Amino acid sequence: MLLQRGSRRNWRFRQPSFAGGEVAWGFPSETPGEIAVAVALSATGVGLTLEIFADVLNKGNLGGAAMVSFFDWAIKEPNIPNGLDTYHIILKALGRRKFFCSMEEILLRMKKEGIQPDSRTVSVIVDSYVRARRVSKAVEFFERLEEFGGERNSESLTAVIRSLCRRSHVRVADSLFHRTKGKISFDKMAYDELIGGWAKLGRGKTMERTWTEMVAEGLSPDSRTYAHLIEGLGRAGRIKDAVDVFNQMEEKGCSPDTVTYNAMMCNFISTGNLEQCTYYYKEMITKKQFPDIDTYQSLISAFLKVRRGICPSTGMITSFIEPLCSYGPPHAAMLIYKKSKKAGCKISLKAYKLLLMRLSRFGKCGMVLQVWDEMQESGHSSDAEVYEFIVNGLCNTGQLDTAVLVVEESLRRGCCIGKMIYSKLNNKLLEMNKVETAYRLFLKVRKARASLNAQRFWRARGWHF
């Protein structure tokens, strides 16, 4: 609410008009005023923690000014530390939504309060700019870093190079690296990130040039640097040179570790030579270098590609389908599902529910009913959640008669759909002037809910029938 003067004695509050009204988490979508916002937030009675603070900023629907106002209130709460971690949360949230002016405002506030940005802060800011394809702004931020209380040193430069190389802006990173050479003392980490960036692009000659510059500076490469070099040579098609570099590591005082072996195995996987890949895996075990998750992921992917008869487990298929059902159309998830079914893999009930949920949301009723039939053929029984997904999909496409039949079947099987889906179906029926159908369904649902509530009451008292 904006403070407005009505008379000399009386002050009144003018309520601004909100187009979006209230949003999730119970916070206003615009900033009516600092005092009113603080009072409204304090009145919620929620014990604010760092996790809730992050969820509101990341999952809510707040604008840049509203996020800053919420941060102003939250930073005064006893459970929210006034430190770098808290500022990183707000900076990430602002950068993710491209509120760069608000992001710089928070940085200036950090400087005013004496909180010095570190390499993680630089990484957050540069990632935000690069993700928004404002690479020049990311470089400009590094050049203006001292204005925000930071230091242009080797750590901050390494953070910038890492962020640029991660998104394939290696030329910009290389230009910045050589432009600041002599002004900032470099360490091995900056060279490692730059060599790793060129390695991902398979630029062998440029990578070797950077390697030579690093050695000329008196810096000794470690196993991570060798891993980048081996990976880059493999991507450039120089497998023999990569093997020579690997064999010379011990002579140069650097023993191969898990990361280096992973790079060698990936090179042979890319050429389809799984025999050599398996050889280096066994050698790694012999030399007591323990495999990590990247090792197993590379090997499993390689064996699946050549169809060696290794079928993924039920949990692995579910882990593939779950992220694909969290955003976008369900085409990719259905592709994984169909190929898994064709290979004879067993699909879990959770995977079926994820597919039904996503398909129903996009109105793919034919596919919903097909997947439902296949789920029942696989031996999985339908519960209330499955019926809700099916009814929701049928409602979205206007197939109300079929949706009513599905609800009646769920009631016969002792499953009562939730109030939200039932209300949606009931409203659709009333809109289509199917009052009698809606009333008959209402009577059946009311009877089923009464029976279900009675059963819950009995079980709560320890009475089992």
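Bear in mind these aren't lab numbers, they're just calculated from the coordinates by the rules spelled out. Here the structure is a predicted model, which means the values were calculated and not measured. All Cβ positions, even for glycine, are placed from backbone atoms using ideal geometry, and neighbour counts span all protein chains on display.
Quick check on Leu411: is it without any contact (Cβ under 8 Å) to a residue 40 or more places away in the chain and within 27 Å of the chain's Cα centre (by Cα)? Walk me through it before giving the result.
On the way: without any contact (Cβ under 8 Å) to a residue 40 or more places away in the chain: yes; within 27 Å of the chain's Cα centre (by Cα): no.
It is false that Leu411 is without any contact (Cβ under 8 Å) to a residue 40 or more places away in the chain and within 27 Å of the chain's Cα centre (by Cα).
If a residue must be farther than 18 Å from Ala159 by Cα and out of contact with any His (no Cβ under 8 Å at 6 or more places or on another chain), how many such residues does segment 183-209 contain?
8
Looking at segment 185-201, is at least one residue part of a loop (DSSP other than H, G, I, E, B) and aromatic (Phe, Trp, Tyr)?
Yes.
Among Gly197, Gly237, Gly150, which is the only one that is at positive phi and either free of Cβ contacts under 8 Å to residues at least 40 places away in the same chain or of a type in the set (Val, Ile, Thr) (or both)? Walk me through how you get there before you give the answer.
On the way: Gly197 fails: at positive phi; Gly150 fails: at positive phi.
Result of the check over Gly197, Gly237, Gly150: Gly237.
Kindly indicate the residue of segment 415-459 that is part of a loop (DSSP other than H, G, I, E, B) and touching a helix residue (DSSP H, G or I) at 6+ places or on another chain (Cβ under 8 Å) and also surrounded by the most Cβ atoms within 10 Å (Cβ to Cβ) among those meeting that condition.
Here the residue is Ile417.
Looking only at segment 202-239, count how many residues are farther than 23 Å from Thr258 by Cβ, assigned to a helix (DSSP H, G or I) and of a type outside the set (A, V, I, L, M).
Residues flagged as farther than 23 Å from Thr258 by Cβ, assigned to a helix (DSSP H, G or I) and of a type outside the set (A, V, I, L, M) within segment 202-239 amount to 8.
Taking segment 380-414 as the region of interest, how many residues are crowded, with 19+ Cβ neighbours inside 10 Å and not in a helix (DSSP H, G or I)?
Residues flagged as crowded, with 19+ Cβ neighbours inside 10 Å and not in a helix (DSSP H, G or I) within segment 380-414 amount to 1.
Hey, Ser168 hits all of (1) part of a helix (DSSP H, G or I); (2) within 28 Å of the chain's Cα centre (by Cα); (3) of a type outside the set (A, V, I, L, M, F, W, C) but one; which does it fall short on?
Ser168 satisfies every listed condition except (1).
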